[in-house]
Amino acid sequence: MPEGTFAKNNKHKFKVIERGHPGVPGGGEKKFYASANPSGEMTLTGLTKSIEKISTVSGADIRAVLYAMVDVMQDALANGQIVRLGEPGSLRVVQGLIPISLLASTNVSKINSLYLL
């Protein structure tokens, strides 16, 4: 599989994935898509320690703000709002797509595929 980076001097790696058309026998015409290839993760504890190193704010105060921010963001997302974080991007809840032809015969209460983008 080919791999690469999104831009010069950028550490965001990706891999190329071949995907077929869902619902078509044999996958139909296959297309290639770039898929993010994370290099790790950063936890709230890690964020706290990193911020503490570059600021004069105590770890306890940073943790308090980060945890409060997470609570406020969860409430906003639960209320259907988009949370905009400036340069890092936005968070929003999306549902899996259901063909309109199935909506009439589908019990909407069974739709449980919500994703955080």
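Label-to-label distance for Lys30 and Lys53 is 4.3 nm, based on points extended 7 Å past Cα in the beta-carbon direction.
Taking a Cβ cut-off of under 14 Å around Ala64, the surrounding Lys, Arg, Asp and Glu residues balance to a net charge of -2, with basic ones at +1 and acidic ones at -1.
Among Arg92, Arg19, the order by Cβ neighbours within 10 angstrom, fewest to most, reads Arg19, Arg92.
For every other residue with a beta carbon closer than 12 angstrom to the beta carbon of Glu18, add +1 if it is Lys or Arg and -1 if Asp or Glu, then tell me the sum. With Lys, Arg at +1 and Asp, Glu at -1, the neighbours total +3.
Rule-based calculations on the coordinates, nothing more; no lab input. Owing to the predicted nature of the structure, the values given are computational and were not obtained by experimental measurement. Here the Cβ is made from the backbone with ideal geometry for all residues, glycine too, and neighbour counts use every protein chain on show.
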